[in-house]
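J.: Dumping the structure here so I can ask a few things about it.
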Amino acid sequence: MMEVTGKAMKTRAVDDGGLTHLKGQFEQWRAVRQGGARIPAALWAGAVAAAAEHGAYRVAATLHLDYAVLKRRFALAADSTGTQPALQAAPCFAEFFAPASQAQAAPLQPACVVELANSRGAKMRVELNADALAGLSALCSAFWAA
């Protein structure tokens, strides 16, 4: 007689984006590999690409890989391309116009030149006259928040 424990197993349908196929490739390689053989570069590349989409933990668990090794390979791949997937914000452009009543025929020398740089390497140079200094703090905040 089977005893019901009251615990339910939760299942969910997940679009794995090819993770099941990659798991099959790893299983096939493991079935025919020679003892102590290293994982081929093509399989590692697939695991790193899957980690970019699904996360290193999920991929390592699904493919039975060492999480720390996969995470390190993912970081190396991101460094070699110079980009980190999903972490970089798209560049944006903002153009500001002076009110028509303050526009003058001859350009003025800037009263203030501000050069900003953020941790991602983006740079901005702003030349302001004395009338435009009031919005400088908002402009700087918007740049660093972007």
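What follows draws every value from the coordinates through simple rules; no lab data is involved. Since the structure is predicted, the reported quantities are computational estimates derived from the model, not experimental observations. All Cβ positions, even for glycine, are placed from backbone atoms using ideal geometry, and neighbour counts span all protein chains on display.
J.: Simple spin-label model, 7 Å along Cα-to-Cβ: LEU136 to ALA42 in nm?
T.: 6.0
J.: Tell me, in nm to one decimal, what length is gained between GLU27 and ALA117 on full extension, where the rule is 0.36 nm per residue of separation less the Cα-Cα distance? Show your work: numbers first, answer last.
T.: On the way: separation 90, 0.36 × 90 = 32.40 nm, distance 4.78 nm.
Extending this stretch completely gives an extra 27.6 nm.
J.: Read phi for every residue in the stretch 57-72 and hand back ³J(HN,Hα) as whole Hz from Karplus 6.51 cos²θ - 1.76 cosθ + 1.60, θ = phi - 60°, with x for Gly and Pro.
T.: 3J(HN,Hα) across the stretch 57-72, in whole Hz: 5, 4, 5, 4, 5, 5, 8, 6, 10, 6, 4, 5, 5, 5, 5, 5.
J.: Now, a different point. Listed highest first by mean packing, meaning other Cβ atoms within 10 Å per residue, what order do 36-42, 136-142 come in? Mind dumping the intermediate values first?
T.: Values: 36-42: 9.9, 136-142: 12.0.
Most protected by this proxy first, the peptides run 136-142, 36-42.
J.: Order the peptides 111-118, 23-30 from the highest to the lowest mean number of other Cβ atoms within 10 Å of their residues. Intermediate values should be presented prior to the final figure.
T.: Details: 111-118: 11.8, 23-30: 13.6.
Result, highest mean first: 23-30, 111-118.
J.: Rounded to the nearest 0.05, what FRET efficiency is calculated for MET124 and ARG72 with R0 set to 30 Å and r the Cβ-Cβ distance? Please list the in-between numbers first.
T.: On the way: r = 34 Å, r/R0 = 1.14.
The pair MET124/ARG72 has a calculated efficiency of 0.30.
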